Amino acid sequence: MPVKRRAEIYVSRCTGCGRCVAACPKRLLTLEVAGYHKHALLTGWEKCDGCLACLPACPVRAIS
Ligand code: SF4
Ligand code: SF4
C-alpha cells in the first residue's frame, strides 16, 4: 500500500507569517496562538493530499 504524503509543520521554526494558510487550496492550514508564539497548524490532516502547494510558500522552510 502506498504511503500517504501530507504536510508537516515544524512548529519551532514557524514564524506564524500565515503564507501557507493562504496557499493551501483546501484551506487545511490555520494559525494557532500558543502563548506569545503563533504557528501554523494542519487541521483535518486526513484531507491533506500532499499537493505541496504550501511548501514553497514558506519563507523559513518550516514545512516538509
Ligand atoms: S500539502 Fe496541499 S493540501 Fe496539504 S496542507 Fe499543504 S497545500 Fe494543503
Ligand atoms: S509559511 Fe511557514 S513560517 Fe509562515 S505560517 Fe506557514 S509554516 Fe509558518
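General remarks:
- Subset of region 18-64 [more than 7 Å from ligand 1 (Cβ to nearest atom), crowded, with 17+ Cβ neighbours inside 10 Å and part of a loop (DSSP other than H, G, I, E, B)]: Ala57, Cys58, Ala62
- Test for Ala40: is it within 9 Å of the chain's Cα centre (by Cα) and within 7 Å of ligand 2 (Cβ to nearest atom): yes
- Note on region 1-17: residues that are in a loop (DSSP other than H, G, I, E, B), within 12 Å of ligand 2 (Cβ to nearest atom) and not basic (Lys, Arg) amount to 9.
- Some residue of region 27-34 being more than 14 Å from Ala57 (Cα to Cα) and of a type in the set (Asp, Glu): yes
- Pairs are defined by a Cβ separation below 8 Å, a sequence spacing of at least 6 or placement on different chains, a first member in region 1-25 that is without any contact (Cβ under 8 Å) to a residue 24 or more places away in the chain, and a second member that is not basic (Lys, Arg); the pairs so defined are Gly18/Leu31; Gly18/Ala40; Val21/Leu29; Val21/Thr30; Val21/Leu31; Val21/Ala40.
Readers should treat all values here as calculations from the given coordinates under stated rules, not as data from a laboratory. Owing to the predicted nature of the structure, the values given are computational and were not obtained by experimental measurement. We place every Cβ from the backbone using ideal geometry, glycine too, and count neighbours over all the protein chains shown.
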